[in-house]
Amino acid sequence: MEIAKTLLSGDEAIARGAWEAGCKVAAAYPGTPSTQILENLANYQDVYCEWSTNEKVALEVALGAALAGVRSLCAMKHVGLNVAADPLFSSAYIGVNAGMVIVTADDPGLHSSQNEQDNRYYGMFAKIPVLTPSDSQEAKDFTKLAFEISEQFDIPVILRITTRIAHSKTVVELQQRAEIADKGYTKNVAKMNLLPQFARKLHANLEERIKKLEAYANNCSINKIIEGKKNVGVIADGVAFQYAREVFPKASFLKLGMVWPFPKALVKEFCRNKKHLYVIEEVDPFLETQIKALGIKVIGKDKLPLIDELNPRIIRNALTEKKINVQPETTLPARPPALCPGCPHAGLFYLLQKKDIIITGDIGCYTLGTYPPHNAMDSCVCMGASITLAHGIEKALKYSKKENDQPTKRVVSVIGDSTFFHMGITGLINAIYNKGNQITVIVDNRTTGMTGHQDHPGTGKTLMGEETTMLNTEDIAKACGVKKVYVIDPYNIKENRTLFREILADPDPAVIVSKRTCALLVSRKPAKKVLADNCIGCKLCLALGCPAISFVNDKAVINSAFCVGCGMCVQLCAKQAIV
Amino acid sequence: MKNKITNIICCGVGGQGVLLFTDILANVAMSAGLDVKKSEVHGMAQRGGSVISQLRYGEKVFSPLIEETTADFIVGFEKLETLRYLHYLSEKGKVLVDDLEIAPLPVLVGETEYPKDILPRIKARAKKVYVIEAFNRALQLGESRTQNVIMLGALSCFLKFPLELYFSAIQQNIKAKFVELNLKAFEQGRTLIKKQ
């Protein structure tokens, strides 16, 4: 029988692999570039899939399922694993019962992230095995193998991918779902309860498991030597392996698929008698440091960059004489991402941008409010940090020396609805409990926008498409102890202007829920038009930062292909030139 | 036999259907029995930002990314974006560019101007440039979103795949009710090249 082949992204391939491996419970919080794993897995039969409120929750849900005897998976972007680090470390001690895979999708190059952390270190740090696939076929195969390793050694397994694995499509062979017998739940306090008396023994047990895993890594099929020229050796993992194959087509390769525990014996064997040894890996010298610790001399990060993702040209120029001279155009206008036409956030930022206030931001589409014309976001740190940073700033200002009797600036935090559910609520409770008076704006567009419209506790729908209890952000804000909670429609710019003035003048803490569905999820209204005779070219309408409005010959022009008819610009125009 | 790889860059602005373009073409190459890899970035950049998708096919493909100066084709849905990625083009490479101008935010807010000499600059750097009025044709077809399939039709004139593979790839990747319109768009793209 011919094997079915198809093109899958790494994310799609991991979903397929989890399904083929008989996975029954999966949980994730959306985060580029990992989001499509759960979105795809939810399309398969017989797998329970959920959007958890955050990554810590997702990892714990998966751990619970594994302990209860079914194969489970959780997925998150690299920084999500920071949120989930607490249960991650504990899970290594406890182990699993049925197999458990933790997918971390790193983002070298910061295509859609706040940092470039290398999560292979989490394996070493938390003492959990790490697999790093180099294309979609391996993403699927390694997912299945990860479940097996997990069960064989009673430990969760980290599958570490990067953006170029997650979002590249390559050819994948498909198999059917395996029938895996459920292992059932057995009460075992000494295994699942990390009271110090049990945890001490579990730590000793973990070190034994790691020794066995290292022996496994030295002999497993995914750590393999590809014979080539005898005197040139390249050690690589992940997508860097594919780039290296382009640059060194004739070299011998040690391709590592399991990078922790580090296969020391195999690495020593490969490096023996090789005159030129290169270690090619993205971001940090994770492999290189461990190779050098074996006393082996290699060329690596002394020539290759620690920052940004790699590509064949960077490797070629760093390590070979056949350099490629690249001359990109340097004088072109940039095209940063922008808020969409009709984006409700634009109405909010229009009101915030002119105020003399401190604005702490958070993570979502609304982070784009940082750019001109809004310039309405001072900071963006991590999920939920808007509210907590605002609280710290506010306390600092209160305890700082005042110059010239200047009134203390108000601090406003801006956070999305999904981010509020993820990590904002605890910060808001903290602010109220500790007598803060910040103004928190929840930009509630009824979806998780930036990652492509995933459901969350405020949408009333689950990942599997079921109706569920809809939680309102304003109700939660009240339950956190906020007495003054306002719900506004960000499209009503005129009304909101007055209200904002009043709220800023009020010394009490407040929450403003700026509520309107994401413009990409509602049907368009007829496009607005500019009456050229009325337009005086004042450019007031540009303050919205709407991609549909431009100026030609000093008159505003609305691009009818982009305009969704939201009408915000109509309210801005002093000459009634937009209809 | 030498492992000849074809490298194709498709670029434009978020929302123009760049990713669907390479999805369809990747399907075509795979149906023809070739190894295929394609790469792009989702997420933040999708919101009106600059978008590039890279497609490579041949007997055996390793890197999903194309090295600068080795692209056989650059297919640009917007001219500023085409110029931005022109350094990927090989010496003998061809450029298919829509003479379409979409102002980026810094231009809209008046920080800078949209360059007026983009097409001449493209032509100065590339030997073979085909200007395709795909967006205008798409508007005439009544659906601006068919721009990408018109560009695909144009590119198909330079590739050696049988047309049936395109037709079935379009059917696989596009919602049933839009298939007929897109097949028409594909044919229009082919006509636009044949006329040149």
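Read-outs: derived from the displayed coordinates by stated rules, not from any lab. Computed from a predicted model, the values in this text were never measured in an experiment. Methodologically, a virtual Cβ is constructed for each residue, glycine included, from the backbone with ideal geometry; neighbour enumeration extends over all protein chains shown.
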Going from the fewest other Cβ atoms within 10 Å to the most, one would list A:463, B:55 as A:463, B:55
Output ordering of A:183-191, B:141-149 (per-residue mean of other Cβ within 10 Å, highest first) is B:141-149, A:183-191
With only helices counted (DSSP H, runs n ≥ 4, each -39500 (n - 2.57)), the per-residue ellipticity at 222 nm for chain B, to the nearest 500, works out to -12000 deg cm²/dmol
In deg cm²/dmol, rounded to the nearest 500, the helical mean residue ellipticity at 222 nm of chain A, built from -39500 (n - 2.57) for every DSSP H run of length 4 or more, is -10000 deg cm²/dmol
Spelling it out for residue A:440: with amide H atoms placed in the peptide plane at 1.01 Å from N, the residues 5 or more places away or on another chain with amide H under 5 Å from its amide H are A:413, A:510, A:511, A:512
One finds the C-alpha centres of segment A:277-302 and segment A:449-501 to be spaced, in Å, by 49
Here, residue A:330 and residue B:116, labelled 7 Å along Cα→Cβ, have an inter-label distance in nm of 2.5
Rounded to the nearest 10, the angle in degrees between the Cα long axis of helix A:196-219 and the longest principal axis of the Cα atoms of chain A comes to 70
Taking a crude spin-label model, label points 7 Å out from Cα along the C-beta direction, the residue B:99 to residue A:178 distance in nm is 6.0
To the nearest 20 debye, the protein assembly as shown has a Cα-centred charge dipole, built from +1 on Lys and Arg Cβ and -1 on Asp and Glu Cβ, of 1360
If each part is reduced to its alpha-carbon centroid, segment A:72-98 and segment B:136-196 end up apart, in Å, by 46
The alpha-carbon center of segment A:1-57 and that of segment B:49-105 are separated, in whole Å, by 31
With a ≥ b ≥ c from the Cα gyration tensor eigenvalues, square-rooted, and the rule rounded for a/c under 1.5, otherwise prolate when a/b > b/c and oblate otherwise, the protein assembly as shown is oblate
Dividing the mean separation of Cα pairs under 8 Å (6+ apart) by the residue count of chain A yields a relative contact order in percent of 11
Output for segment A:446-535: GluC sites (Glu not before Pro) sitting in coil per DSSP, at most 16 other Cβ within 10 Å, listed by number, reads A:466
Expressed as a whole number, the average count of other chain Cβ atoms within 10 Å around the Cβ atoms of A:180-188 is 0
The Cα radius of gyration of segment A:1-110, divided by 2.2 N^0.38 Å with N its residue count, comes to 1.04
So, relative contact order of chain B in percent, Cα under 8 Å, 6 or more apart, is 21
With a Förster distance of 41 angstrom and the Cβ-Cβ distance between residue A:5 and residue A:468, calculated FRET efficiency to the nearest 0.05 equals 0.60
Rounded to 0.05, the calculated FRET efficiency for the beta carbons of residue A:487 and residue A:508 at R₀ = 22 Å is 0.85
Here FRET efficiency (C-beta to C-beta, residue B:131 to residue A:539, R₀ 30 Å, nearest 0.05) is 0.40
Eigenvalues of the alpha-carbon gyration tensor of segment A:389-547, times 5 and square-rooted, give semi-axes in Å, largest first, of 30, 27, 13
So residue A:187 and residue A:403, fully extended at 0.36 nm per residue minus their Cα-Cα distance, gain in nm 71.4 nm
Exposure-ranked with fewest Cβ neighbours within 10 Å first, A:203, A:111, A:345 stand as A:203, A:111, A:345
Expressed in nanometres to one decimal, the distance between label points 7 Å along Cα→Cβ at residue A:221 and residue A:90 is 3.6
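Past 32 Å, Cα to Cα: identify those pairs from A:515/B:116; A:169/A:224; A:268/B:38; A:401/A:435; A:230/A:323; A:77/A:292, in the order given. Before the final figure, lay out the partial values.
Details: A:515/B:116 41 Å; A:169/A:224 23 Å; A:268/B:38 35 Å; A:401/A:435 20 Å; A:230/A:323 24 Å; A:77/A:292 29 Å.
Correct reply: A:515/B:116; A:268/B:38.
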Of all trypsin sites (Lys or Arg not before Pro) in segment A:391-450, the ones in DSSP coil with at most 11 other Cβ atoms within 10 Å are A:401, A:402, A:435
The aspartates and glutamates whose Cα lies under 18 Å from the Cα of residue A:211, excluding any fewer than 8 residues away in the same chain, are A:148, A:151, A:154
Taking a straight Cα-to-Cα line shorter than 16 Å from residue A:484, and setting aside same-chain aspartates and glutamates fewer than 8 residues away, one finds A:474, A:475, A:502, A:506, A:508
For segment A:415-461 the mean separation of alpha carbon contacts under 8 Å (6+ apart) over residue count, i.e. relative contact order in percent, is 46
Inter-chain shielding metric for A:308-321, i.e. average beta-carbon neighbours from other chains within 10 angstrom, reads 2
Cα convex hull volume per residue for segment B:12-150, in Å³, equals 122
